[in-house]
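Asks: This is the structure, below, for whatever I ask next.
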Amino acid sequence: MCWPDYWRYLKIPGMVSAMSRKTPKYSGARVAKGVRIAIVAAKFNGEVVEALLEGCVNRLEKLGVASADVETHRVPGAFELPLVAKALAQTGKFAAIICLGAVIRGETPHFDFVAGECARGIAAVSREQMLPIIFGVLTTNNEKQAWDRCGGKHGHAGERAAEAAVEMIRELASIHA
């Protein structure tokens, strides 16, 4: 058993065994006109990621981000998201970068390596570049769980990623003001 699987089977009194479904309510933040946001979307599990991307772009527009201020880039899979996010961050052109992908568990430990390194890489880029790099990557046990998070019974992760980007842009702006 891989170490990430260990935690799934470990029973600790008082430890919640399921992730909370109580997503925070959106603050209502909006961004200034001309603020640019990049989206990096994985091609692997393409149909799911396309749904995430569509929801993300539509939500950004509803939040006041013009389509001309959103730049989308494609990478082969979730593992490649951090590298392109870092390259985009280093251009200095973007107030936030949203990473979208879907890592769906299969029969091998590949899921654990890809999901873990993707998450670590995105977090590292955000800290190194002092820029909101949003983790809009689904990590699910099966395809149904992924679709449930693309507008299904668990909301829309693409829309939530857009909201997180806008909220982080506003929060950092208030710190630097």
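The values are calculated or read from the model by the stated rules, or taken from the named source; none is laboratory data. Not measured: the values here are computed from a predicted model. Counting neighbours? That spans all protein chains shown, and the Cβs are built from the backbone with ideal geometry, glycine included.
Asks: Provide a single number: the residues in segment 58-87 that are in contact with a helix residue (DSSP H, G or I) (Cβ under 9 Å, 6 or more places away or on another chain) and free of Cβ contacts under 8 Å to residues at least 24 places away in the same chain.
Replies: 3
Asks: Scanning segment 125-147 for residues that are closer than 17 Å to Glu171 by Cα and of a type outside the set (A, V, I, L, M, F, W, C), which turns out surrounded by the fewest Cβ atoms within 10 Å (Cβ to Cβ)?
Replies: Ranking the qualifying residues of segment 125-147, first place goes to Arg127.
Asks: Take the residues in segment 82-120 that are part of a loop (DSSP other than H, G, I, E, B) and modelled with pLDDT of 95 or more, then tell me which one is surrounded by the most Cβ atoms within 10 Å (Cβ to Cβ).
Replies: Phe94
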